[in-house]
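What follows draws every value from the coordinates through simple rules; no lab data is involved. From a predicted model like this one, the values you see are computed outputs, not experimental measurements. Note: ideal-geometry Cβ built from the backbone for every residue, glycine included; neighbour counts use all protein chains shown.
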Amino acid sequence: MTASERIIEWLREAGVSFKANDSISAYLVAGEVDSIQDEAEMHVRALLESFVIEPDTTPSTSRIASRKCTCARCSPVAMSHART
């Protein structure tokens, strides 16, 4: 089971909404953001390659798959109410 599948399962069981504009950061535990980002990076890389775009050598996409979110909602402080 992937990190996103585990988190989705937990959110559903807890009755937490996770639609496009919902922030789930308050429900994540340490390490889950990194796991989701690693999983997303893999999928973004595969998406770029399916469009026949070489993500490592194309200037506009060279780091796109590995960019990390730095918004306040994704910071460790925002996750202080996470489940245990």
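Couple of notes before you dig in:
- Using only alpha-carbon positions in the range 1-55, the gyration tensor eigenvalues give semi-axes of 26, 12, 10 Å once each is multiplied by 5 and square-rooted (largest first).
- From phi via Karplus (6.51, -1.76, 1.60), per-residue ³J(HN,Hα) for the range 3-13 in Hz, x at Gly/Pro: 4, 5, 5, 4, 5, 4, 4, 5, 4, 5, 4
- Peptides 5-11, 47-53 ordered by packing proxy, namely the average of other Cβ atoms within 10 Å per residue, highest first: 5-11, 47-53.
- Net charge of Cβ neighbours under 10 Å - reference L48; Lys, Arg +1; Asp, Glu -1: -2
- In plain terms, the residue of T2, T57 with the fewest other Cβ atoms within 10 Å comes first and the most crowded comes last, giving T57, T2.
- Label-to-label distance, nm, for residues given as T2 and E54 (7 Å Cα→Cβ offset): 2.6 nm
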